[in-house]
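Everything on this sheet refers to the single structure shown next.
The values are calculated or read from the model by the stated rules, or taken from the named source; none is laboratory data. Model, not experiment: these values are computed from the prediction. Neighbour counts run over all protein chains shown; Cβ positions are idealised from the backbone, glycine included.
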Amino acid sequence: MSHKLTRRDFNKLLLTGVAGSAFSLFGTSNTAFASSKRVVVIGGGFGGAAAAKYLRKLDPSISVTLVEPKAVFYTCPLSNWVLGGLKTMEDIAHTYTVLKNKYKVNVIADVVTDVDVTRSTVKLKGGQILGFDRLIVSPGIDFKWDSVAGYSESVANSKMPHAYQAGPQTILLHKQLQAMRDGGKVLICPPGNPFRCPPGPYERASLIAGYLKEHKPKSKIIILDPKEKFSKQALFKKGWDRLYPGMIEWRSGAMGGKVTKVDAATMSVTTEFGVENADVINFIPAQKAGKIAFDAGLTDATGWCPVNPVSFESTIHPGIHVIGDSSIAGAMPKSGFAASSQGKVAAAAIVRLFQGKVPAAPSLVNTCYSLLARNYGISVAGVYKLTVEGIVEIKEAGGLTPLDADDDQLKEEALFALGWYKNISMDTWG
Amino acid sequence: MAGKPGIRLTAFALLLMVFAAGSSAQGGVGSGVSTQAKKGEARRVESSPRGQILALSCTSCHGTDGKSVGIIPSISGRSADYLETALKAFKSGARYSTVMSRHAKGYSDSELRLIAEYFGTVSHNNK
């Protein structure tokens, strides 16, 4: 999906004449040096926390408030490592202490219940009202609970965890895997596109297989996928054949992978090919932008948020920037890495806009590492730039781990996966 | 919609504007790095907005200001010339890497220079 600047944006430019009119694309209050520079950030994940930190780092005269209900944030990256027994929940936990103490971000543990776009205020569940000059919305994903009959939030919290927002969901799925008998069957049901972390379900299958191979070797994993192909497919399939022969079966949409119904009482799912029973069912529902993005009217018909690709400012509500999974960011995937990259681009743009200057052209990047076993890592990288078609991937760059990579390279990628995690965590919360 | 000539032209004008806006520190087009000296302060080097935007991509893997805490090499403390040479070697494939060449190929030589200058400047200012 490639998002372009909207016709309305272009018309604004045409009407006002090009020179000096770029600010009509970046909200209304930026024709002169801003005297008030208050930014509120909704959401303390990879996007929101990076944006908050970099706003303060790039311009300490900006006052930044971060609203995030969770005191401890568990990352989706590496949560599959927890499922595979390679990491603990503590290893993927982050707090806001450094953002508060070192970067002087005002962190409020609360939920935004209302965004008033005309008054430029947000209201918190606790009753507090915060004014802003610019707002950054980074709420991640929400689930389409009704996309498949029989699934619901309460089913997710009791019998069939999605484990696609790390935390209690990760713990529940982990416990189910630990309690499962040897010879049991695990179903993983990924959603259709677009969804958060495209290689995530397949890394998950790999690391669960690693755990089962060691502790419950008679067990089996079936991936019921509505799609016909998936991220890093050839690399995953080669790795599965080498590491876990016969343990992981992937069924595409055309081969009975499309789930039409789930039944928590009988622990089964229904596909076009029949009923499949299992001991553990990891059902990952279809996704849409986070709730506050809908409540604030920032979404379009796709269920995601259209943005100006220079500043990630909403093309619907000027002065409000949407970053991360909720945004429509051209060719970029929905990943923690991408969200962080977008958070920094939005922060740098806001700094410039407060100075009455045109933001610099964005440069965006993504790398998704996946682990198949402790010493077996693969990656996909992408470098993105702005063109008249929006944010596009640079064809000459990026790409996958070579299919013929030797064991040393695969081990190095596994080490870099952890090295990346440590540094992006520091770059975001540390 | 983007296929309409008028709209494409305007989008192109916007592109020119944002690329021009970020090309230097003080608004002029130059090397990408300029110096500012305030009274009573050590000379602090300012990097260009475009260099900054490009370089912010690097810190997700190499750490804030290029200071790595894990196995990935630090960028911090290296000179601009060292970094430029390394980045160009990754881009050409002359230097082996797992992932760096896939990234370096996404930038022009002048963009690699801006990135190198940015981190060279950060290292200078943190001395």
Problem set entry | Residues of the range A:248-297 satisfying the condition of being within 16 Å of residue A:146 (Cα to Cα) and of a type in the set (Asp, Glu) | A:263
Problem set entry | Residue count for the range A:253-304, restricted to those that are under 20 Å from residue A:197 (Cβ atoms), within 20 Å of the chain's Cα centre (by Cα) and not in a strand (DSSP E or B) | 9
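Pick from A:345, A:351: which is assigned by TED's automatic domain parsing to the domain that holds residue A:313 and free of Cβ contacts under 8 Å to residues at least 60 places away in the same chain? Spell out the reasoning first.
Details: A:351 fails: free of Cβ contacts under 8 Å to residues at least 60 places away in the same chain.
Result of the check over A:345, A:351: A:345.
Grab the strands (runs of 3 or more DSSP E) fully contained in the range A:345-413, keeping just those with 1 or more residues being within 9 Å of chain B (Cβ to nearest Cβ), more than 19 Å from the chain's Cα centre (by Cα) and modelled with pLDDT under 95. Break it down stepwise before answering.
Numbers: elements: A:363-373, A:376-387, A:390-393.
Qualifying strands (runs of 3 or more DSSP E): A:376-387, A:390-393.
Yes/no per residue for (1) part of a loop (DSSP other than H, G, I, E, B); (2) at the interface with chain A (Cβ under 9 Å from one of its Cβ atoms); (3) in contact (Cβ under 8 Å) with a residue 24 or more places away in the chain; (4) over 29 Å from residue A:410 (Cβ atoms):
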residue: B:69; (1), (2), (3), (4): yes, yes, no, no
residue: B:85; (1), (2), (3), (4): no, no, no, no
residue: B:94; (1), (2), (3), (4): yes, no, no, no
residue: B:98; (1), (2), (3), (4): yes, yes, no, no
residue: B:106; (1), (2), (3), (4): yes, yes, no, no
residue: B:120; (1), (2), (3), (4): no, no, yes, yes
Problem set entry | Looking only at the range A:209-246, and only at residues there that are in contact with a strand residue (DSSP E or B) (Cβ under 6 Å, 6 or more places away or on another chain) and in a helix (DSSP H, G or I), the one that is surrounded by the fewest Cβ atoms within 10 Å (Cβ to Cβ) | A:243
For this session: Of the numbered conditions (1) without any contact (Cβ under 8 Å) to a residue 12 or more places away in the chain; (2) of a type in the set (S, T, N, Q); (3) under 17 Å from residue A:307 (Cβ atoms); (4) surrounded by 19 or more Cβ atoms within 10 Å (Cβ to Cβ), residue A:387 fails exactly one; give the number of that condition.
Result: (4)
Exercise. So residue A:29 fits all but one of (1) at pLDDT below 95; (2) in contact with a helix residue (DSSP H, G or I) (Cβ under 6 Å, 6 or more places away or on another chain); (3) of a type in the set (Ser, Thr, Tyr); what number is the exception?
Worked result: (2)
Exercise. Can you name the number of the only condition in (1) over 30 Å from residue A:323 (Cβ atoms); (2) buried (at least 22 other Cβ atoms within 10 Å of the Cβ) that residue A:190 fails?
Worked result: (1)
For this session: Return yes or no: is residue A:206 small (Gly, Ala, Ser), in contact (Cβ under 8 Å) with a residue 40 or more places away in the chain and under 15 Å from residue A:248 (Cα atoms)?
Result: yes
